[in-house]
Every structure is written in structure tokens, then in C-alpha cells.
Amino acid sequence: MLAPVILEGQYVRLEPLTGAHLDGLCAVGFDPSLWAMTTVRVTNRDEMAAYIQAAQGPAQLAFAVIHKASGRVAGCTRYMNYEPGHSRVEIGSTWYGLEFQRTPVNSECKYLLFQYGFETLGMNRVELKTDLRNERSQKAMLRAGAKEEGTLRRHMIVPGHVRDTVYFSVIAEEWPDVKRNLEQLLRPRG
């Protein structure tokens with residue numbers, strides 16, 4: 001079981017997701033484009049409350065992403081499919097409100113989650129996956145330094161279609177290079 005933890009960087013703080021984050025998630029989380037390529041749809045407050053409840057479980061640890069400069073909830077992410085016997089965990093169910101996209105938020109979230117996964121939990125592998133149609137997410141994973149492993153065809157039935165899922169990973173031996181890459185991406189420009 002993953003123990004609750006707070007992970008904090010320069011731009012974001014990752015707090016264990018609770019019902020206390022409901023209003024903040026509702027404020028940024030109802031744009032239909034956020035859910036177009038996910039396994040769930042969230043369109044109202046009751047569905048967001050159910051989303052938060054479903055994120056609780058023994059093989060996962062969900063986080064509210066707090067944008068430190070504004071103090072607002074920017075979105076959420078989680079560790080999931082935690083397999084301590086195989087020293088692996090997945091980073092997934094990640095989404096951010098539109099105003100927090102294309103900012104340092106995602107890079108720093110990945111940095112904090114990879115760092116904790118490799119340096120504290122001692123993982124051999126941290127994996128990510130996305131819908132084949134989600135080219136933007138795939139580019140972000142590659143930009144962070146993850147390696148594309150392949151596509152599971154017709155992997156999941158999701159609202160509206162049958163999804164092909166692209167898998168990515170970072171392994172422990174790659175973490176030092178990925179860490180340097182993410183630190184470079186997070187350096188202030190100018």
C-alpha cells in the first residue's frame with residue numbers, strides 16, 4: 001500500500017486527494033476536452049465527487065495538484081497499479097485545467113512523481129500510458145524522457161470507442177538522465 005505523502009516543488013504541491021479538493025477540481029475540471037480521451041467522463045459536481053472517491057484504493061495514491069503561485073487546484077494525477085513485489089508503479093489519470101496546460105505544472109508533477117518513485121520507493125520501473133489518439137500526451141511523455149514501448153491494440157472499452165493504448169516507461173537506470181532533462185525543462189527561462 002502506498003502511504004500518503006506530500007510532494008512539493010517550485011511550481012506545484014502534490015497533496016493526497018480528498019473530498020476537500022472537490023470545489024477546486026470542479027472549478028477547473030468540467031471542460032469536455034479534458035475528458036475526451038480518458039477512461040471516464042466528468043461533467044458535474046456529483047461525477048467529480050465520484051471520481052475522487054474512485055481514486056482511493058490500496059494500489060493507488062491520488063494527488064490534487066496545487067498551483068503554488070495562485071494557491072488553486074490545477075488538476076490531479078496519481079500513482080496507480082502499484083506492484084511493490086515487481087518494483088513498479090504507473091503514473092496516470094493525470095489532467096489539468098486548461099489554464100494550467102502548457103505551463104511548468106506537468107513537467108514538475110512528473111519530476112516529483114518519478115523522483116519519489118525511484119529515490120524513495122525504490123522502483124525499478126515507472127510506467128505511463130495514453131490513448132493512441134492523444135498525440136499531445138505522447139509528445140509530453142517523450143519530452144519528459146520516457147521511452148515508448150508499444151501499443152496494446154483494442155486494449156480498453158472507453159466512453160465512445162475501443163481504445164488502443166500506447167505504453168511508455170522510465171527504468172531506474174534511465175532516471176539520472178531523465179532527472180537532468182526534467183530539471184533543464186524546469187529552469188526559468190530568460
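Rule-based calculations on the coordinates, nothing more; no lab input. The model shown is predicted, which means the values in this text are computed figures rather than measured ones. Here Cβ is always computed from backbone atoms with ideal geometry, including for glycine, and neighbour counts include all displayed protein chains.
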_If I stretch the segment between Glu99 and Ser33 completely, what's the gain in nm (0.36 nm per residue apart, minus their alpha carbon distance), one decimal?_
22.5 nm
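When you count, for each residue, the other Cβ atoms within 10 Å and take the mean per peptide, how do 167-180, 69-82 rank with the highest first? Let's see the in-between values first.
On the way: 167-180: 16.3, 69-82: 19.3.
Ranking, from highest mean packing down: 69-82, 167-180.
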*Give the Cα extents of the stretch 78-190 along the principal axes, in whole Å, largest first.*
42, 38, 20
*asked:* Using only the alpha-carbon atoms, what does the stretch 1-153 span along each of its principal axes? Please give whole angstrom values in decreasing order.
replied: 37, 33, 28
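For Ala50 and Thr151, compute 0.36 nm times the residue count separating them, minus their Cα-Cα distance, and round to one decimal in nm.
Numbers: separation 101, 0.36 × 101 = 36.36 nm, distance 2.96 nm.
Value of the extension gain: 33.4 nm.
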*asked:* On a straight-distance basis, which aspartates and glutamates could pair with Lys129 in a cross-link, Cα separation under 13 angstrom, same-chain partners fewer than 8 positions away excluded?
replied: Glu90, Glu148, Glu149, Asp164
*So if we plug the beta-carbon distance of Gln184 and Asp23 into 1/(1 + (r/R0)^6) with R0 = 35 Å, what FRET efficiency do we get, rounded to 0.05?*
0.50
*Say the dipole of the chain comes from +1 at the beta carbon of Lys and Arg and -1 at that of Asp and Glu; which of Ile52, Gly97, Cys109 then lies farthest toward its positive end?*
Gly97
_Distance (nanometres) between label positions extended 7 Å along Cα→Cβ at Glu8 and Arg72_ = 2.2
*asked:* Please list, in order along the stretch 137-145, the HN-Hα scalar couplings obtained from phi with the Karplus expression 6.51 cos²θ - 1.76 cosθ + 1.60 (θ = phi - 60°), rounded to whole Hz, x for Gly and Pro.
replied: 5, 4, 4, 5, 5, 5, 4, 5, x
